[in-house]
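To start, the structure itself, in structure tokens.
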Amino acid sequence: MKLYLNALGSVTPLGVSKESVAINLFAGSRSGLIERHDIVPDRPARVDLRAHLLTAVDLAVVANLHALAEAVHRSPAPPDSSSGN
């Protein structure tokens with residue numbers, strides 16, 4: 001079984017389209033970002049303002065999706081049905 005994730009979008013503090021992200025990025029926008037001092041040692045890091053809204057349920061869903069993708073990647077390919085066997 002193959003799993004494809006095609007045409008993934010981008011939703012960031014800088015925008016929800018390639019164009020809006022590019023415009024805000026090159027303009028130096030920091031809207032939607034907060035400065036945190038507990039992520040990178042010895043320097044501040046700017047992160048998505050909404051990062052703290054992730055709940056344990058959200059993190060569990062992400063972990064389950066990752067485990068599913070790993071399982072699909074490790075599973076053997078199905079037999080070739082075109083050979084007539």
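Taken together, the values in this text are just the output of simple stated rules run on the coordinates, not laboratory data. Remember, it's a predicted structure, so these values are computed and weren't measured experimentally. Cβ: placed from backbone, ideal geometry, glycine included. Neighbour counts: every protein chain shown.
Separation between the Ala22 and Val40 pseudo-spin-labels, each 7 Å from Cα along Cα→Cβ, expressed in nm?
My value for the distance between the label points is 2.5 nm.
Starting from the amide H of Leu33, placed 1.01 Å from N in the peptide plane, find each other amide H under 5 Å away whose residue is 5 or more places distant or on another chain.
Correct list: Leu49.
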